[in-house]
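See below for the structure under consideration.
The values are calculated or read from the model by the stated rules, or taken from the named source; none is laboratory data. This structure is a prediction, so every number in the text was calculated from the model and none was measured. Note that we place each Cβ from the backbone using ideal geometry, even for glycine, and neighbour counts take in every protein chain shown.
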Amino acid sequence: MHGPTSQFYFSQNLRLHYVDWGNENAPPLLLIHGGRDHCRNWDWVAERLRSRYHIVAPDLRGHGDSDHAAGGGYNEINYVYDIAQLVLQKRMAPVTIIAHSLGGSIALLYAGLFPETVKKVVAIEGLGPSPAMLKRVRETPIAERMRKWIEEKRALAARLPRRYATIEDAIARMTEENKHLTAEQARHLTIHGAIQNEDGTWSWKFDNAVRLGGGPTGLPAEAQRQIWEKIATPVLLLRGTESWASDPVADGRIEHFRDARLVNIEGAGHWSHHDRFEVFMEAVEKFLG
């Protein structure tokens, strides 16, 4: 088998997709992508590690080839539930997890809620907005934030998925989003992240509703930090120095983990596993042992 096989599982009546890279007698490794992304963004990481692990990479609800959630149920606890179901149904515990951005946040919450099922966690910029960003958000009254979210959600409901005339146009948009990508990376990520419409145009697979997440009444930052404190396994936090994400050592958030270390990757943006792949893998492989 040169590539992964596509499979499905069910969670909250949603048919959710994942890819399985085989090697079932090896220790399990779960790869969780970020927002508006898809499971095949991990292909380079999976190719490197597939001889040592049984790798499973899911498409989160509303992403890739997984069902969209009726009513836009995209708050973090629903994502965490889906991951808990995947680990349970596929008997993956104790599992090692590598996750990016939204996926990193989900992984850290899952590891704090079910610490007995997790062996190690690598989280690439999975801590969410910085304390400074959260402080600015809290300065806006909750009623005002909720009204704004409702208005934005209503506007988003009227917005049709963007259509690209050709796959090359979609690849150009992918390249525009991340200037670090090679031409090969941009094409691969686009081919697996877009779908051709009946009229021949192309659109992204993800549900537009994921753009707004779970809304202004989701899990508070203080509650997330309390859950991080329950993580019993080693955690590797990765961050690109050219990313918007703040340094968790400098802003103090690393103190909420029992056993965590930070690696800053020079010359990388938000997608360090694409931007500086060899440097990223060196840090990950050293941590995984």
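Could you please give the count of residues in segment 161-197 that are part of a helix (DSSP H, G or I), among the hydrophobic types (A, V, I, L, M, F, W, C) and touching a strand residue (DSSP E or B) at 6+ places or on another chain (Cβ under 7 Å)?
Taking segment 161-197 and keeping what is part of a helix (DSSP H, G or I), we get 167-177, 183-193.
If we keep only those that are among the hydrophobic types (A, V, I, L, M, F, W, C) as well, we get 167, 170-172, 174, 183, 186, 189, 191.
Adding the requirement that they be touching a strand residue (DSSP E or B) at 6+ places or on another chain (Cβ under 7 Å) leaves 167, 170.
Selection size over segment 161-197: 2.
One line per residue, one yes/no per condition, for (1) among the aromatic types (F, W, Y); (2) touching a Ser or Thr at 6+ places or on another chain (Cβ under 9 Å); (3) assigned to a helix (DSSP H, G or I); (4) closer than 18 Å to I32 by Cβ:
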site	(1), (2), (3), (4)
A245	no, yes, no, yes
V249	no, no, no, no
R261	no, no, no, no
N264	no, yes, no, no
G267	no, yes, no, no
H270	no, yes, no, yes
H274	no, yes, yes, yes
F280	yes, yes, yes, yes
K286	no, no, yes, no
### Task
With respect to I191, determine if the residue is surrounded by 13 or more Cβ atoms within 10 Å (Cβ to Cβ), under 24 Å from the mean Cα position of the chain (by Cα) and either farther than 30 Å from E255 by Cβ or basic (K, R) (or both).
yes
## Note on the structure
Conditions (1) surrounded by 20 or more Cβ atoms within 10 Å (Cβ to Cβ); (2) out of contact with any Leu (no Cβ under 6 Å at 6 or more places or on another chain); (3) of a type in the set (K, R) -> R253 fails only (2)
### Query
Taking the stated definitions as given, is G35 at pLDDT below 95, surrounded by fewer than 23 Cβ atoms within 10 Å (Cβ to Cβ), not in a strand (DSSP E or B) and not hydrophobic (A, V, I, L, M, F, W, C)?
no
